[in-house]
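Visitor: Handing you this structure, nothing more for now.
The values are calculated or read from the model by the stated rules, or taken from the named source; none is laboratory data. As the structure is a computational prediction, the values presented were derived from the model and not from experiment. Heads up, the Cβs are rebuilt from the backbone with ideal geometry, glycines too, and the neighbour counts pull from every protein chain shown. Remember, those area values only see protein heavy atoms, side chains included, never the ligands or the DNA or RNA. Shrake-Rupley method; radii C 1.70, N 1.55, O 1.52, S 1.80 Å.
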Amino acid sequence: MIHQFIQGTKETTLVLLHGTGGTEQDLIPLAKELSTEANILTLRGDVIENGMSRFFRRHAEGVLDLEDLKKQTERFLHFLDEAATTYGIDRDKMIPLGYSNGANLIGSALYRHQAFTASLLFHPMVPDRSLTLPDLSGSNVFISAGERDPICPKTETEELTSTLRSAGADVELFYHFGGHELRMEEVEAARTWIAAHLD
């Protein structure tokens with residue numbers, strides 16, 4: 001996968017996944033707001049939709065291609081295993097951080113595996129309602145969303161949160177009063193939350 005690795009001084013590695021139309025550079029400033037010392041492994045989606053980079057296909061706005069999502073999820077997790085070896089970093093201390101399309105890929109990983117002990121999902125959707133989730137005890141998830149998000153309505157956020165909690169995950173949910181945009185108040189909430197998970 002197209003990516004960039006930035007060496008830090010902590011054992012934790014923040015894995016960054018942008019939203020539709022983004023690049024691997026988009027979330028680096030956000031990652032540095034959360035930790036100035038963590039390693040950064042930032043990815044660029046190579047599924048192209050109308051010239052825009054994504055991590056998996058969709059049929060329409062809000063209608064995910066579930067077969068491609070499954071394939072790209074497994075590819076993503078395999079890439080992380082390889083990256084741990086390539087860069088000499090601890091796979092168990094990777095914390096993925098995704099926005100929108102990138103958050104949905106992380107959500108898909110959580111719906112399929114106990115893949116991460118800590119994850120941050122900014123403005124995610126429910127990835128796949130057909131799945132029975134694994135036991136997510138020990139998994140910690142930060143979710144943020146906009147109260148007036150036209151892409152990810154509040155009912156979607158609440159369903160995702162409830163489903164993850166039912167599977168045993170410890171989920172912190174944060175809302176701002178806007179829409180699908182990232183806002184500083186959710187970054188500040190994420191910084192407070194992640195402090196307990198940085199090594």
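Visitor: Please calculate how many Å² of accessible area the stretch 3-198 carries per residue, with a 1.4 Å probe and no DNA, RNA or ligand atoms counted. Mind dumping the intermediate values first?
Guide: Numbers: 8380 Å² over 196 residues.
Heavy-atom accessible area per residue stands at 43 Å².
Visitor: Roughly what % of Cα-Cα distances in the stretch 1-115 sit above 22 Å, to the whole percent?
Guide: Values: 1843 of 6555 pairs.
Here the tail beyond 22 Å accounts for 28 percent of pairs.
Visitor: At a 10 angstrom cut-off on C-beta neighbours, averaged per residue, how do the peptides 100-110, 31-41 rank from highest to lowest? Please list the in-between numbers first.
Guide: On the way: 100-110: 26.4, 31-41: 18.7.
Those peptides, ordered most packed to least, come out 100-110, 31-41.
Visitor: Restricting things to alpha carbons, find the Rg to Rh ratio for the stretch 51-148 using the Kirkwood radius for Rh.
Guide: Rg/Rh: 0.96.
Visitor: If you don't mind, there's one more thing I want to ask. Could the peptides 57-64, 77-84 be put in order, highest first, of the mean number of other beta-carbon atoms found within 10 Å of their residues? Provide the component values of the computation, followed by the final result.
Guide: Numbers: 57-64: 12.2, 77-84: 15.5.
So the peptides 57-64, 77-84, ranked by packing, come out 77-84, 57-64.
Visitor: Using Cα pairs under 8 angstrom and six or more residues apart, how large is the relative contact order of the chain, in percent?
Guide: 18 percent
Visitor: LYS154: which aspartates and glutamates have alpha carbons under 20 Å from its alpha carbon, excluding same-chain residues fewer than 8 sequence positions away?
Guide: Candidates past the 8-residue exclusion: GLU61, ASP128, ASP170, GLU172, GLU181, GLU185, GLU186.
Visitor: So who's got an amide H within less than 5 Å of the one on GLU49, skipping anything under 5 residues away but keeping other chains? H placed 1.01 Å off N, in plane.
Guide: Residues meeting the amide H criterion: ARG54.
Visitor: Can you give me the long-range amide H partners of GLY168? Hydrogens built in the peptide plane at 1.01 Å from N, cutoff under 5 Å, separation of 5 or more residues or another chain.
Guide: It is LEU136, by chain and number.
Visitor: Sum -39500 (n - 2.57) across every DSSP H segment of at least 4 residues in the chain, then divide by the residue count to get the 222 nm mean residue ellipticity, nearest 500. Each step should come with its number before you reach the end.
Guide: Values: 5 runs with 65 residues, N = 199.
After summing the helix terms and dividing by residue count, I get -10500 deg cm²/dmol.
Visitor: Provide the solvent-accessible area of MET125, counting protein heavy atoms only and rolling a 1.4 Å probe, rounded to the nearest 10 Å².
Guide: Around 20 Å² of this residue is reachable by solvent.
Visitor: Moving on to the next point. Find how much the distance from GLU61 to GLU159 grows on full extension, using 0.36 nm per residue of separation minus their present alpha carbon separation; answer in nm with one decimal.
Guide: Numbers: separation 98, 0.36 × 98 = 35.28 nm, distance 1.85 nm.
Result: 33.4 nm gained on full extension.
Visitor: How much length is gained if the chain between ASP170 and GLN25 is pulled fully straight, taking 0.36 nm per residue apart and subtracting their Cα-Cα distance, in nm to one decimal?
Guide: On the way: separation 145, 0.36 × 145 = 52.20 nm, distance 2.93 nm.
Extra length from ASP170 to GLN25 when fully extended: 49.3 nm.
Visitor: With a 1.4 Å probe and all protein chains left in place, how much of the accessible area of the stretch 3-198 comes from carbon and sulfur atoms, in whole percent? Present the calculation step by step, with values, prior to reporting the outcome.
Guide: Numbers: 4060 of 8380 Å².
Using a 1.4 Å probe with all protein chains present, the stretch 3-198 comes out at 48 percent carbon and sulfur.
Visitor: Right, another one. According to a simple spin-label model (label point 7 Å from Cα along Cα-to-Cβ), what is the distance in nm between ILE48 and ARG75?
Guide: Between ARG75 and ILE48, the label points sit 1.4 nm apart.
Visitor: So, one more: Quick one: pull the percentage of alpha-carbon pairs in the chain with a separation above 32 Å.
Guide: Result: 6 percent of Cα pairs exceed 32 Å.
Visitor: Taking the Cβ-Cβ separation of ARG148 and PHE5 as r and a Förster radius of 25 Å, what is the calculated FRET efficiency to the nearest 0.05? Mind showing how you got there, number by number?
Guide: On the way: r = 36 Å, r/R0 = 1.46.
About 0.10, to the nearest 0.05.
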